[in-house]
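Report on one structure; see the data block that follows.
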Amino acid sequence: QVQLVESGGGLVQAGGSLRLSCVASGRILRINVMGWYRQAPGKQRELVTTITSSGSTNYADSVKGRFTISLDNAKNTVYLQMNSLEPEDTAVYYCNANLAAGSIFRWRDYWGQGTQVTVSS
């Protein structure tokens with residue numbers, strides 16, 4: 001069974017920084033893509049950023065230039081460095097992984113439990 005555990009959320013003032021981490025554990029065979037999504041109160045979950053195992057990245061326009069995603073394949077860990085945070089970044093941030101695990105090689109999606117990020121003005 002695969003588990004994704006996020007950490008690093010919290011309360012920060014506008015203009016500040018936070019670093020989120022997400023560790024994938026279990027019988028992982030290979031990671032395809034990992035990423036971060038967020039959901040603000042009353043809104044749908046939205047893509048923040050993704051990174052492939054080869055290092056290709058994709059960012060939502062709203063976070064380009066402020067957020068940086070990175071992946072440590074050896075540790076099955078994805079990081080999200082968030083700088084110049086804005087109140088609009090307030091949301092629950094969810095880690096997502098598309099990976100193969102267990103005895104059958106098949107790509108599947110997994111989600112973490114979420115970590116709260118609150119940016120005060």
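The values are calculated or read from the model by the stated rules, or taken from the named source; none is laboratory data. Worth saying up front: this structure is predicted, and the values here are computed from it rather than measured. Quick reminder, even Gly has a Cβ in these numbers, built from the backbone with ideal geometry, and neighbours come from all protein chains shown. Heads up: the accessible areas ignore ligands, DNA and RNA and are worked out on the full protein's heavy atoms, side chains in. Shrake-Rupley method; radii C 1.70, N 1.55, O 1.52, S 1.80 Å.
Excluding R106 itself, what net charge comes from residues whose Cβ is under 13 Å from its Cβ, given Lys and Arg +1 and Asp and Glu -1? Every neighbour counted, the sum reads +2. For the stretch 1-83, with all protein chains in place and a probe radius of 1.4 Å, 44% of the accessible heavy-atom surface sits on carbon or sulfur. Starting from the Kirkwood Rh over alpha-carbon pairs, what translational D in µm² s⁻¹ does the chain have by Stokes-Einstein at 25 °C and 0.890 mPa s? Rounded, D is 170 µm²/s.
Based on Cα contacts under 8 Å between residues 6+ apart, the stretch 7-121 shows a relative contact order of 36 percent.
Taking every DSSP bridge with both residues inside the chain, close to 90 percent are antiparallel.
Per residue, the chain exposes 54 Å² of solvent-accessible protein surface, assessed with a 1.4 angstrom probe and all protein chains in place. Dipole of the chain computed with +1 at Lys/Arg Cβ and -1 at Asp/Glu Cβ about the Cα centre; of S7, N98, P41, farthest Cα towards the positive end is N98.
Over all distinct Cα-Cα pairs of the stretch 51-109, the Kirkwood formula returns a hydrodynamic radius of 13.4 Å.
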